[in-house]
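Report on the structure given below.
The values are calculated or read from the model by the stated rules, or taken from the named source; none is laboratory data. Just so you know, these numbers come straight off a predicted model, no measurement behind them. Cβ placement follows ideal geometry from the backbone for every residue including glycine, while neighbour counts extend to all protein chains displayed.
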There are 2 protein chains.
Amino acid sequence: MIPKLQVALDNLSLKDALKSLKEYGNIIDVIEVGTILHVSEGLEPIRFLRILYPEKIILADIKGADAGSILAKQCFDAGATWMTAICCADIQTMKSMLKVSKEYEEDKDIQIELYGDWTFERAKIWKEAGLKQVVYHRSRDAELSGKDWSDEDLIKIKKLCDMDFKVTVTGGLKVENLKLFKNLPIYCFIAGRGIREAKNPKQMAMNFKEEIKKYWK
Amino acid sequence: MIPKLQVALDNLSLKDALKSLKEYGNIIDVIEVGTILHVSEGLEPIRFLRILYPEKIILADIKGADAGSILAKQCFDAGATWMTAICCADIQTMKSMLKVSKEYEEDKDIQIELYGDWTFERAKIWKEAGLKQVVYHRSRDAELSGKDWSDEDLIKIKKLCDMDFKVTVTGGLKVENLKLFKNLPIYCFIAGRGIREAKNPKQMAMNFKEEIKKYWK
C-alpha cells in the first residue's frame, strides 16, 4: 500500500494555517490540527477544516492522557476522523477512546503517540486492546537538539510494523529522508514545516507524493 | 506549609465552568483549566479567568509532550501561572518549558503529570533539570474502573516528597480522603467533580479547606 501524506498544522492560528494549507490541502491525504493549534483555538479548527475538506482524513492531535471517552466524543463530534492518545495513558483511557470511536458511522480511529520510554511490552497491550495505529517520532525538541534518524529508529519501526500496527512516522521529515524507510510498510508520513514553510508548499507536497510513489506500490 | 486547594475545571465550556466557579473561586488557591476545557476552547478560558481572578494561581492543564517552548509561551502569554507537561515528554521539552517560564516577571512554573509507567529514575532526571512540581494521580479512567488510593500510592508520594518535589495529589478526591495524606507535606490537593458537582459547591470548598487545616499547619 502507498503510504499516506499528512501535514501537521502546528500554527498558532487557523488563519495562519490556512495560508499554506489552501495551496496543498487537496494534494495531501491527512490534515492534522497540531497540538499547538489546538492549544490556541480548541476544536474550532477541526470544525472549520471539516467543512472545507469534507473528504479528507482530519486528525486531532490532542495527545489525550485521561478522560478518554469525553475527549474522544469532543474530537469526533467536531468532525475529526482520527485523534491521538499519548503512550503513557492508562490502557483504560485508550479503550474508552476506542469504544467511543465505534459509535460513529464513519471510520474513526485512535493513534498512539510514542514519546519517551514506551516499551514493546506496552505496545503488546495496546494491540491486544484493539488499537491499530501508532505514531513514531523524534520529538521536535530532540530534533532541535540535533538527533538524526538512526538504525535504532528503523529497527523499532520495523518491529511495530511486524506487530501489525499501522505506523506513522514523523519528526522533521524531508523529501530526501523518505527512502530511508523504503523497505517498511509505512502507513503515513507526516511533514510539518518541511511543507508548510517551503518556498512553494504546493510543489513541495507534490515532491513528497512523487518520492513516496518511487519506493512504494 | 498548608496544602493549597485546586479545582479542576473539566467542563465542556467556560460558561458551564463559571456557573460553579463563581461560588468558590475566591475560596480556592488554584484554578485549573482542565484538558477537556482546553480541547473545547483553547486558551480563551485562561485569558478570561486571568481577568476575573487576577490574584489567583491559574493552571493550564495542557499536558504538553513536545514543542515545549512554543506551548509554554502560549500558556504564559495567555495568563497562566503554571502549565503541565506529560511525564513521557523528552527532557529537552521540559527544559524548554522551564526556560520560557523564567522569561516572565511573575512566578511561572511547570508541573509534570505522572501517568503510566513513570519511574523514579526519570524523576531524578527531572529534578536535576530543575523541575520542581509533580502531579500524582489515579487517572480518571483507572478511578472509574474502581481502583482506590493504596499504600503503594502513599509510598510513591512520600518518595517524591522526600526528593523535594512539590507534590500535587489528585484523582476523585473527597474530603474524607484528605486525612490519608496527613503525614505528608502535600503541596496541593486537586478536587474536580467533588467540589464542582457538590450540591453546595461553596460549602464543599470550605469543607475541603477546613479539613486541610485540621491536619496541616
TODO: Return a yes/no flag: does the range B:136-149 have any residue that is of a type outside the set (Asp, Glu), under 18 Å from the mean Cα position of the chain (by Cα) and at pLDDT 95 or above.
DONE: yes
Task: Filter result (crowded, with 17+ Cβ neighbours inside 10 Å, in contact with a strand residue (DSSP E or B) (Cβ under 6 Å, 6 or more places away or on another chain) and assigned to a loop (DSSP other than H, G, I, E, B)) within the range A:1-42 - done: A:Pro3, A:Ile28, A:Gly34
Task: Members of the range B:43-70 found to be part of a strand (DSSP E or B), β-branched (Val, Ile, Thr) and more than 8 Å from chain A (Cβ to nearest Cβ), listed by number - done: B:Ile57, B:Ile58
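Which residues, taken from the range A:142-161, are of a type in the set (D, E, K, R) and under 23 Å from A:Gln111 (Cβ atoms)? Working first, answer last.
Just the residues of the range A:142-161 that are of a type in the set (D, E, K, R), to begin with: A:143, A:147-148, A:151-153, A:156, A:158-159.
Selection gives A:Glu143, A:Lys147, A:Glu152, A:Asp153, A:Lys156, A:Lys158, A:Lys159.
Looking at the range A:22-32, which of the residues that are under 16 Å from the mean Cα position of the chain (by Cα) and in contact (Cβ under 8 Å) with a residue 40 or more places away in the chain is farthest from A:Val135 (Cα to Cα)?
First, pick out the residues of the range A:22-32 that are under 16 Å from the mean Cα position of the chain (by Cα): A:25, A:28-32.
Still in the running and in contact (Cβ under 8 Å) with a residue 40 or more places away in the chain: A:28-30, A:32.
On the way: A:Ile28: 18, A:Asp29: 16, A:Val30: 14, A:Glu32: 13 Å.
Taking the candidates together, the pick is A:Ile28.
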Task: Residues within the range B:125-184 that are within 23 Å of B:Phe208 (Cβ to Cβ), outside any helix (DSSP H, G or I) and away from every other protein chain (no Cβ under 14 Å), tallied - done: 14
TODO: Filter the range A:71-90 down to residues that are in contact with a Leu (Cβ under 9 Å, 6 or more places away or on another chain) and surrounded by fewer than 21 Cβ atoms within 10 Å (Cβ to Cβ) and give me whichever is farthest from the other protein chains (Cβ to nearest Cβ).
DONE: A:Gly79
Task: Among (1) among the β-branched types (Val, Ile, Thr); (2) without any contact (Cβ under 8 Å) to a residue 40 or more places away in the chain; (3) crowded, with 19+ Cβ neighbours inside 10 Å, the one test that A:Ile186 misses - done: (2)
- [ ] Could you figure out which of (1) buried (at least 19 other Cβ atoms within 10 Å of the Cβ); (2) more than 9 Å from every other protein chain (Cβ to nearest Cβ); (3) of a type outside the set (Gly, Ala, Ser); (4) not in a strand (DSSP E or B) isn't true of B:Ile112?
- [x] (4)
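Give the number of residues within the range A:91-108 that are modelled with pLDDT of 95 or more, of a type outside the set (Lys, Arg) and surrounded by fewer than 19 Cβ atoms within 10 Å (Cβ to Cβ). Step through it out loud before you land on a result.
Of the range A:91-108, the ones modelled with pLDDT of 95 or more are A:94-104, A:108.
Next cut, of a type outside the set (Lys, Arg) only: A:94, A:96-98, A:100-101, A:103-104.
Adding the requirement that they be surrounded by fewer than 19 Cβ atoms within 10 Å (Cβ to Cβ) leaves A:103-104.
Counting residues in the range A:91-108 that are modelled with pLDDT of 95 or more, of a type outside the set (Lys, Arg) and surrounded by fewer than 19 Cβ atoms within 10 Å (Cβ to Cβ) gives 2.
Residues that are in a loop (DSSP other than H, G, I, E, B), in contact with a Phe, Trp or Tyr (Cβ under 8 Å, 6 or more places away or on another chain) and of a type in the set (A, V, I, L, M): does the range B:188-211 have at least one? Spell out how you get there, then give the answer.
Quick first cut of the range B:188-211, residues in a loop (DSSP other than H, G, I, E, B) only: B:192, B:197-200.
Now drop any that are not in contact with a Phe, Trp or Tyr (Cβ under 8 Å, 6 or more places away or on another chain), which leaves none.
Looking through the range B:188-211, none of the residues is in a loop (DSSP other than H, G, I, E, B), in contact with a Phe, Trp or Tyr (Cβ under 8 Å, 6 or more places away or on another chain) and of a type in the set (A, V, I, L, M).
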